[in-house]
Structure formats: structure tokens, C-alpha cells
Amino acid sequence: MSPLYLYEDATAQAFEPFTLTRPVSELMAGAEIIRERWERVSGEKAAAFIGPSHLAHFDEPGAARCLAGEEIIPAGSLVANSRFIPAIGSSFQSTATQIKEASAFQCGNEICAVRINESVRASELSDGLVPLAALAHGAGTCATTGRWIEVTWDLIGQLTDQLTEDIPQLASTLKAEPVGDTTVLGTFGVFREAGAIIEPFVVLDATTGPILIRSGATISSYSRIVGPCYIGPHATVVGDAIRACSIGTTCKVRGEISNSVMLGYSNKGHTGFVGHSYLGRWVNLGAATTTSNLKNTYGTVQMWTPGGMRDTGAQFLGTMFGDHVKTGIGTMLTTGTVIGAGANIYGGNIASKYVPPFAWGNGEPFDSYEIEKFIDVARRMMSRRHIELSKEAAKQLEDAYSVSRGRRL
């Protein structure tokens, strides 16, 4: 078997606000983390990811570590692009066989993975500027199915299609149980993994897509789950309507949320609408936090990127919340907002389309969140979910704080 390495190319490294604190390979696309998808395809546990130096100390349970500096990627390794989303489905088995024999792995006109025949230093690839095609040598390119993420908001724009494809295939690999007396609407598949709890007076509406509820998840009474929808392990849905969402592990959701992703360990514990948004890990939304996801003009949404404001071409787009973001009670966010990792914002209406990482306050100019206080709060929040902030993870957050300092000045 070939060791698996995930490659964060230059395009991926610009996927703010997430890539300040995590590699793209540790983002959820549809119903599964990108790294986990590549592990399925290759049949190998990821050995590491290749990314920028500020992620050198990235440390998260179950995730791959960062391959840094002069460390070597050995010959024969499979190097896969983190921006490619391999399909979950029948192609997995044929792909796994092909990938053992091929030197390159292709979707469309782009190479998404290569088997290198010469060792490579991590430092040669860490800036993400080397196209994988440049590492491909010899014959044996095989085609596969999946999707490319070209821009951050593709994670939202492709969400419903991705979930519709993912859920039946993922469910087929799990031990499913009947949903019992729960009211089920529609004809798409509804899947309940063994160990999931569905209380009375829940409606599972599969009229527009399938639904999967993972082991350890709890769906409280008077909740409505509208497909396509994925409820991850140990997540809790407390009430209201959850539509076309991917809710990651150990998240808590109350109030209306639609067409959104919660990566994991984040809380939306109160009312307030969230739509067409992406929440990183350890996000906490104060009561009545609300995102706008549609302009009054019904035009396309502009969003901040490291290269400047861009027209996304999307009519619906809410907020991108980086890891460890906190919002105060009654926070109102405009259409197409980006909130940098570690920011703590409050005070009602936040007119800014971009909130810098580790910002503190209720509007421009934002103050800086003191790093010692931030680390202390992160540690306390994580301990509530019985997870320890390791020394390595704390160091990575300190590195992220340092490299983003100029954005807060």
C-alpha cells in the first residue's frame, strides 16, 4: 500500500477564514471530512498533510499532522489534492484498485492525485505552488468521479447535491435501524444509525432529499429535519427546522438553520436564523444571532477574500465563521460576511463584511483579543466536551495569532 499525503495547494491555502487554523483536508464537504474521503479511496490512513508553516503544530484528534520543513515524502507515496472531493459510491472499489496501479489520478482536465516515483522534501511543496501534474511521471492515468472546490463558497453552493449523493452511499456502510413511529414524508431514503435517538413528535421530511442520523445523535421532540440532511455522531437537535444541512460531530442546534455546514463541536443553542453559512469548529453563536443570506436586491453576493472582494455569483450566501468564533446576544450579520478565526464579536448589528482573526468588539476598528485570554477561553470551552487543548494545538493557535497580527492593525 502507498502512504497517503494530502496536499494543500496555493488555491486551498487561500480558503479563509478556515485555513488560518486548519488544512482544507480537515473541512467537511457534504457528509464527510475530505481527509476521510481520500482515506476511503486509497485504503490508507493519511500519514500527513503538506501545508504552510503556520499549521506546523496543527493537532486535532483523528486528523493528520503537518509534514514540515525537511521531512521527506517517500517515493511511492500517493499525494492527493485537498481541494478534490472524491465521490462516495460504487466507484470507490474500482478506484481503489486503479489507484494501486496508476501513477496519476484525474478528474476532468485536472490531476487530483499522483504516485511519486522519487522522494520529495515537504519544504518543496509547502507553499502550494507546485501543480501535482508536475510530479506525475510515467503512464497510467486513471479517471475518477468527484468535485473540485475552486472557491470557499463552493462548500455551500455544492452542499445539497453533495449530500444527496453522499447519504445513501455512506448509510450503506453503517448499521441502520428503523425510524420507528417517527413521521416520515417523501420518497428519498431516511437512515438512522444504531444508537441514534429520535424522540416523539419529530418529522423527517425526505421530500427533497435523503436524511442520515448517526449514532449518538439526539433529535428532540418538535424538530423537523428536511433532506438532504446529515446529522453527525453525538449531535443534538433541540428543536425547529433543520433544512439541507450537514451537522458535524457533537454540535448542538436550536432554531432555524438551512443549507449550512457545522464542522464539529459548535453550538447554535438558541433561536436565530442561520442560512447558507459554514461554521468551523468550536464556534458559539449567542442567542438570536442571525445571518442574512439574501440581498434585498436579489442580486449576487460579494464576499471578502485574501485577494480582495469578489462577486461570488451566488444569490444565497450567509456567513463563513472561522474556528473558535464567538458571537454575542442579538448579533446581526450582513449577507456574505467572513469572520476570522478566534474573533469575539457582540453589540447587535455588525455592518462589516470582514471581521479580522482574533478581533474583539462590536465594529470597526476592532480591538485585538488578547492571546492569553483567548487560549484560556478555548481551553475551557473544549473541556466542556471532554477534549483537552494540547500544547501543540495551543502553539498552532498562537502561530495563527502571530501571522494574522497585521490584519488587526
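The values are calculated or read from the model by the stated rules, or taken from the named source; none is laboratory data. No experiment lies behind these values; they were computed from the predicted model shown. Here the Cβ is made from the backbone with ideal geometry for all residues, glycine too, and neighbour counts use every protein chain on show. These accessible areas exclude ligands, DNA and RNA; they are computed on the full protein's heavy atoms, side chains included. Shrake-Rupley method; radii C 1.70, N 1.55, O 1.52, S 1.80 Å.
Could you calculate the FRET efficiency of residue 181 with residue 161 from 1/(1 + (r/R0)^6), where r is the beta carbon distance between them and R0 is 25 Å, rounded to 0.05? Mind dumping the intermediate values first?
Working: r = 31 Å, r/R0 = 1.26.
After rounding, the FRET efficiency stands at 0.20.
Rounded to the nearest 10 Å², what accessible area does residue 9 have for a 1.4 Å probe in the complete protein model?
Estimated to the nearest 10 Å², residue 9 gives 20 Å².
Hey, got a sec? Which chymotrypsin sites (Phe, Trp or Tyr not before Pro) in the stretch 238-322 land in a DSSP loop and have at most 14 other Cβ atoms within 10 Å?
Details: sites: 265, 273, 278, 282, 298, 304, 316, 321; in loops: 265, 273, 282, 298.
Counting only loop positions with at most 14 other Cβ atoms within 10 Å, the chymotrypsin sites (Phe, Trp or Tyr not before Pro) in the stretch 238-322 are 298.
Suppose each label sits 7 Å from its Cα in the direction of the beta carbon; what would the residue 310-residue 349 distance come out to in nanometres?
Using points 7 Å along Cα→Cβ, the separation is 2.9 nm.
Using the beta-carbon distance between residue 386 and residue 141 and R0 = 56 Å, what value does 1/(1 + (r/R0)^6) give for FRET efficiency, to the nearest 0.05?
Using R0 = 56 Å, I get an efficiency of 0.75.
If the chain between residue 172 and residue 394 were fully stretched, how many nm would it gain, using 0.36 nm times the residue separation less the Cα-Cα distance?
Working: separation 222, 0.36 × 222 = 79.92 nm, distance 3.80 nm.
That pair, residue 172 and residue 394, stretches by 76.1 nm at full extension.
Taking a threshold of 28 Å on the Cα-Cα distance, which of the pairs 45/175; 353/391; 45/326; 268/373 fall above it? Kindly include the intermediate steps, with their values, before the conclusion.
Working: 45/175 22 Å; 353/391 33 Å; 45/326 33 Å; 268/373 23 Å.
Violating the 28 Å limit, Cα to Cα: 353/391; 45/326.
Between residue 295 and residue 110, what FRET efficiency comes out of the Förster formula 1/(1 + (r/R0)^6) with R0 = 35 Å and r the beta carbon distance, rounded to 0.05? Write out the running numbers ahead of the final one.
Numbers: r = 32 Å, r/R0 = 0.93.
Computed FRET efficiency for residue 110 and residue 295 comes out at 0.60.
Between residue 241 and residue 402, what is 0.36 nm times their sequence separation minus the Cα-Cα distance? Round to one decimal in nm. Walk me through the numbers before you get to the answer.
Values: separation 161, 0.36 × 161 = 57.96 nm, distance 3.97 nm.
Here the answer is 54.0 nm.
What net charge do the residues around residue 285 carry, taking every other residue with its C-beta under 15 Å from that of residue 285, with Lys and Arg at +1 and Asp and Glu at -1?
Working: positive: 252, 254, 268, 281, 326; negative: 240, 256, 323.
Here the charged neighbours net out to +2.
Could you work out how much longer the chain between residue 362 and residue 150 gets when fully extended? Use 0.36 nm per residue separation minus the Cα distance between them, nm to one decimal. Could you put the intermediate results ahead of the total?
Details: separation 212, 0.36 × 212 = 76.32 nm, distance 3.19 nm.
Gain on stretching residue 362 to residue 150: 73.1 nm.
Could you work out what % of the accessible surface of the chain is carbon and sulfur, using a 1.4 angstrom probe and leaving DNA, RNA and ligands out of the count? Spell out each step's value before the answer.
Working: 8070 of 15990 Å².
Accessible surface attributable to carbon and sulfur in the chain totals 50 percent.
If I model a spin label at residue 129 and residue 194 as a point 7 Å from the Cα along the Cα→Cβ vector, what separation in nanometres do I get?
The answer from the label model is 5.3 nm.
For the full complex of protein chains and a 1.4 angstrom probe, list 360, 153 by accessible area with the highest value first.
On the way: 360 75, 153 25 Å².
If we order 360, 153 from most to least accessible, we get 360, 153.
With the crude spin-label approximation of a point 7 Å out along Cα→Cβ, what separation in nm comes out for residue 379 versus residue 334?
3.8
I'd like the distance separating the alpha-carbon centroids of the stretch 358-379 and the stretch 183-228, in whole Å.
Measuring centre to centre over Cα atoms gives 38 Å.
Could you please report the charge total around residue 39, scoring K, R as +1 and D, E as -1 over all other residues with beta-carbon less than 14 angstrom from its beta-carbon? Can you show the working numbers first?
Working: positive: 35, 37, 40, 45; negative: 26, 32, 36, 44.
The answer is 0.
Zone of residue 270 (label point 7 Å along Cα→Cβ, backbone N under 17 Å): which residues in the stretch 326-354?
Only 326-333, 344-350 fall inside the zone, counting backbone N under 17 Å.
Below 12 angstrom from the Cβ of residue 391, what's the summed charge of the other residues (Lys, Arg +1; Asp, Glu -1)? Could the numbers behind the result be given before it?
Values: positive: 379, 395; negative: 59, 388, 392, 398.
Neighbour charge sum, excluding residue 391 itself: -2.
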